[in-house]
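Notes follow once the structure below has been shown.
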Amino acid sequence: MIALIDYGSGNIHSVINALRRESADVELISDPARLAEADAVVLPGVGAFGDCVKGLQARGLWEPIAEWLAADKPFFGICVGYQMLFNESEESPGVRGFGFFPGKVKRFSTPGLKVPQIGWNQLDLRPHTLWRGLPVRPHVYFVHSYFPAPANNGDVIAASTYGETFAAGAARGCVAGVQFHPEKSQAVGLGILRNFIASVPVTRQVLERSACDS
């Protein structure tokens, strides 16, 4: 079962519909005790970094997710759900992220650049199972004013450029996240979700078992 974390962040239904379209056994989870039943976690996020952190904390989900990440279990963060994997964000000074990836979330600072970035942009991909079967430079859909700047370049699996080049995706082990919205990125986004589902090593999934980052 894939646990889609419901903590009042916004874009839950479009994500769950996209996952179910790819034959995932997915459930909305707001009770931290239910995480013990899950084989993978998907953490979406819309809104301010600090509000999303507080939403998880208020529901008692922060520590269980931190333990999940520390155990290197299958995890996929989307938009602010990706940003929270880092140490902190310029959007919410003093609010700590999970710190799974060393680095800071920064605001676009190119003079004259329209912020937020809303729309389609290309990805430059590094080899990873999430990208299996995708075009060489696929287009995906972004809605954001901030982006993570990983301290370790080796964590970056996708880059995009909007005024400046930024890390559109990062991964290590079974944990991954993307700044764009796969659920809004049509066939490319569904392909990414399909690859994540296929990477979850469980017998209950319809799709074939495979290693997280093989």
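Determine if segment 8-19 includes at least one residue that is among the polar types (S, T, N, Q), surrounded by fewer than 18 Cβ atoms within 10 Å (Cβ to Cβ), farther than 22 Å from Gln186 by Cβ and out of contact with any Ser or Thr (no Cβ under 6 Å at 6 or more places or on another chain).
No, that holds for no residue.
Among the residues of segment 97-109, how many are in a loop (DSSP other than H, G, I, E, B) and not hydroxyl-bearing (Ser, Thr, Tyr)? Within segment 97-109, residues that are in a loop (DSSP other than H, G, I, E, B) and not hydroxyl-bearing (Ser, Thr, Tyr) number 7.
Is there a residue in segment 140-152 that is without any contact (Cβ under 8 Å) to a residue 40 or more places away in the chain and in a loop (DSSP other than H, G, I, E, B)? Scanning segment 140-152 turns up no residue that is without any contact (Cβ under 8 Å) to a residue 40 or more places away in the chain and in a loop (DSSP other than H, G, I, E, B). If you check Gly77 against the conditions, is it buried (at least 19 other Cβ atoms within 10 Å of the Cβ) and either at pLDDT 95 or above or assigned to a loop (DSSP other than H, G, I, E, B) (or both)? Against the criterion (buried (at least 19 other Cβ atoms within 10 Å of the Cβ) and either at pLDDT 95 or above or assigned to a loop (DSSP other than H, G, I, E, B) (or both)), Gly77 qualifies. Report, by residue number, each residue of segment 135-148 that is buried (at least 17 other Cβ atoms within 10 Å of the Cβ) and either modelled with pLDDT under 95 or touching a Gly at 6+ places or on another chain (Cβ under 9 Å) (or both). Within segment 135-148, Pro138, Val140, Tyr141, Phe142, Pro148 qualify. Of the residues making up segment 31-69, those that are part of a helix (DSSP H, G or I) and in contact (Cβ under 8 Å) with a residue 60 or more places away in the chain are Phe49, Ile65, Leu69.
Scanning segment 160-177 for any residue that is aromatic (Phe, Trp, Tyr), modelled with pLDDT of 95 or more and not in a loop (DSSP other than H, G, I, E, B) turns up at least one such residue. Whenever a residue of segment 156-169 is in contact (Cβ under 8 Å) with a residue 12 or more places away in the chain and closer than 14 Å to Cys79 by Cα, its partners that are aromatic (Phe, Trp, Tyr) and not in a strand (DSSP E or B), lying with C-beta atoms within less than 7 angstrom and at least six residues away or across chains, give the pairs Ala168/Phe180. When Val46 is tested against (1) at pLDDT 95 or above; (2) in contact with a Gly (Cβ under 6 Å, 6 or more places away or on another chain); (3) hydrophobic (A, V, I, L, M, F, W, C), only condition (1) is not met. Within segment 30-42, the set of residues being under 14 Å from Glu63 (Cβ atoms) and under 17 Å from the mean Cα position of the chain (by Cα) comprises just one member, Val41. Picking from residues in segment 79-116 that are of a type in the set (Val, Ile, Thr) and out of contact with any helix residue (DSSP H, G or I) (no Cβ under 7 Å at 6 or more places or on another chain), the one that is farthest from Phe142 (Cα to Cα) is Thr110.
Taking the listed residues Gly133, Gly94, Gly112, the one that is over 14 Å from the mean Cα position of the chain (by Cα), within 26 Å of Val200 (Cβ to Cβ) and not in a strand (DSSP E or B) is Gly133, with no other qualifying. Of the residues that make up segment 183-191, is at least one among the aliphatic types (A, V, I, L, M), modelled with pLDDT under 95 and either part of a helix (DSSP H, G or I) or more than 20 Å from Leu85 (Cα to Cα) (or both)? No, there is no match, as no residue in segment 183-191 is among the aliphatic types (A, V, I, L, M), modelled with pLDDT under 95 and either part of a helix (DSSP H, G or I) or more than 20 Å from Leu85 (Cα to Cα) (or both).
The values are calculated or read from the model by the stated rules, or taken from the named source; none is laboratory data. None of the values given here were measured: they were computed from a predicted structure. Note that each Cβ is placed from the backbone with ideal geometry, even for glycine, and that neighbours are counted across all protein chains shown.
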